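Trainee: Before we start, here is the structure in question, set down as structure tokens.
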Amino acid sequence: MTIVAVEGSSPRPLGSMAGVTDRGQLIGSITEGCTEKAIVAEAQELIRARLNRTVRYGAGSPYMDLKLACGSGIDVYFETVRANEIVLRAYESMKSRKTLFLTVDTKSNASRLSENLDTTTKLNVLSIALEPEPVLFCFGDGQNFVSLCLLAREAGYTVKAFTTTVDAIPLFESVGITCTLVHPDFPYGDLPWDRYSCVVTMFHNHEWEAKILHAALDSDVWYIGSLGSVNTHKLRLKRLREMPSTRQDLSVIRGPVGLNIGAKDPAEIGISVLAEMTAIRRNGS
């Protein structure tokens, strides 16, 4: 199920998706609870009939008793005919760290997958990017480091933690986060980071940073940030200028890392970094 049109505001944005099994299990959300039961029932009916359909909920809907709390109207596209094929292909694409585009035509009630964005300007056609999960490669020690890793995991990132001490490893393992012990000669350049990855260093001993940041700058990662003061960042850049040139310019490093929200404790610092990552990921700013 996909939100393909929004009139007014909406509990979830345009392009939001969810799934329903033939037994009525809902994975994800379309309206954050407003009309989920009715949407699940509609989906089950269409699964049994092997039909695709676009249905209006809220304002302008034929279901007069189903209102959205925000007073808006949304069009939801139900795909059942090719649902299994689409899910499997999208899963394989995400495993291989590639983006697919789902294009929905609500006039013909049909959808298709493509490796390229459909640039059509037809009003009844919507294309949605199905991207791999973002991966946070976080390097550091201490509570700020731990806080960011845990918050990012809750925000949907696959988190890969790297530390110089063994203290944090049991905690990370208990919540399913991979944590690796690094050393001065660790092969950072061999890490599987890509354009869906971001890198943050959160060391108190900043001597660890140069090799990590240099390797990140020579990759396609979309975000690089480093903990530390303005003066620390100046020294960090000085060290990096003495190293070989990289694919990305030094100016892409966010330092001091995080939005300036007056953060004081590790949780707030983690929130500020995650907020900056989110702003760049969603808005490019």
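Trainee: How many lysine pairs are close in the chain, with Cα atoms under 18 Å apart and the two 8 or more places apart or on different chains?
Mentor: On the way: 37/67; 95/160; 107/122; 160/211; 211/234; 211/238.
Close lysine pairs under the 18 Å cut-off: 6.
Trainee: Continuing with this model, one more query. Can you tell me what percent of all Cα-Cα pairs in the range 64-120 are more than 16 Å apart?
Mentor: Details: 902 of 1596 pairs.
When every Cα pair of the range 64-120 is considered, 57 percent fall beyond 16 Å.
Trainee: Another question, if that's okay. Mind checking the per residue accessible area of the range 144-241 for me, 1.4 Å probe, whole number of Å²?
Mentor: Numbers: 4500 Å² over 98 residues.
Dividing the accessible area of the range 144-241 by its residue count gives 46 Å².
Trainee: Here is a further query. Residue by residue through the range 184-192, what is 3J(HN,Hα) from phi via Karplus (6.51 cos²θ - 1.76 cosθ + 1.60, θ = phi - 60°)? Round to whole Hz and write x for glycine and proline.
Mentor: x, 9, 4, x, 4, x, 8, 5, x
Trainee: Ordering 178, 158 from largest to smallest accessible area (1.4 angstrom probe), what's the sequence? Mind showing how you got there, number by number?
Mentor: Working: 178 80, 158 50 Å².
Sorted descending by solvent-accessible area, the residues read 178, 158.
Trainee: Here's something else I'd like to know. Could you please state how large a percent of the accessible area of the range 148-285 is carbon and sulfur, counting protein chains only and using a 1.4 Å probe? Display every interim value, and only then the final one.
Mentor: Details: 3790 of 7210 Å².
That fraction is 53 percent.
Trainee: Calculate what fraction, in whole %, of the accessible area of the range 1-119 sits on carbon and sulfur atoms when a 1.4 Å probe is rolled over the protein chains. Don't skip to the end; give the middle numbers.
Mentor: Details: 3490 of 6640 Å².
C and S fraction of accessible area: 52 percent.
Trainee: Right, something else. Per 0.36 nm of contour for each residue apart, how much would the distance between residue 259 and residue 122 grow if the chain were fully extended, relative to their Cα-Cα spacing?
Mentor: Gain in length upon complete extension: 45.5 nm.
Trainee: Tell me the Kirkwood hydrodynamic radius of the range 154-272 in angstroms, computed as one over the mean inverse distance between distinct C-alpha pairs. The partial results should precede the final answer.
Mentor: Numbers: mean 1/r = 0.0656 Å⁻¹.
Taking the inverse mean of 1/r over all distinct Cα pairs, the range 154-272 comes out at 15.3 Å.
Trainee: So if a site counts as exposed when it's one of the GluC sites (Glu not before Pro), its DSSP state isn't H, G, I, E or B, and it has at most 11 other Cβ atoms within 10 Å, what's the longest stretch of the chain without one?
Mentor: Working: sites that count: 115, 242.
The longest uninterrupted stretch comes out as 116-241.
Trainee: Moving to a separate point now. Which value, in Å², gives the accessible area per residue of the range 83-137 when a 1.4 Å probe is used on the protein heavy atoms? Don't jump to the answer; show the numbers that get you there.
Mentor: Values: 3380 Å² over 55 residues.
Here the residues of the range 83-137 average 61 Å² of exposed surface.
Trainee: Counting only residues 5 or more places away or on other chains, whose amide H sits under 5 Å from the amide H of residue 225 once H atoms are built in the peptide plane?
Mentor: 199, 200, 201, 254
Trainee: When the helix-only estimate is applied to the chain (DSSP H runs of n ≥ 4, each -39,500 (n - 2.57), divided by the residue count), what is the mean residue ellipticity at 222 nm, nearest 500 deg cm²/dmol? Show your work: numbers first, answer last.
Mentor: Details: 7 runs with 85 residues, N = 285.
Counting only the DSSP helices, I get -9500 deg cm²/dmol.
The values are calculated or read from the model by the stated rules, or taken from the named source; none is laboratory data. Computed from a predicted model, the values in this text were never measured in an experiment. Note that we place each Cβ from the backbone using ideal geometry, even for glycine, and neighbour counts take in every protein chain shown. All accessible areas refer to the heavy atoms of the entire protein, side chains included, with ligands and DNA or RNA removed. Shrake-Rupley method; radii C 1.70, N 1.55, O 1.52, S 1.80 Å.
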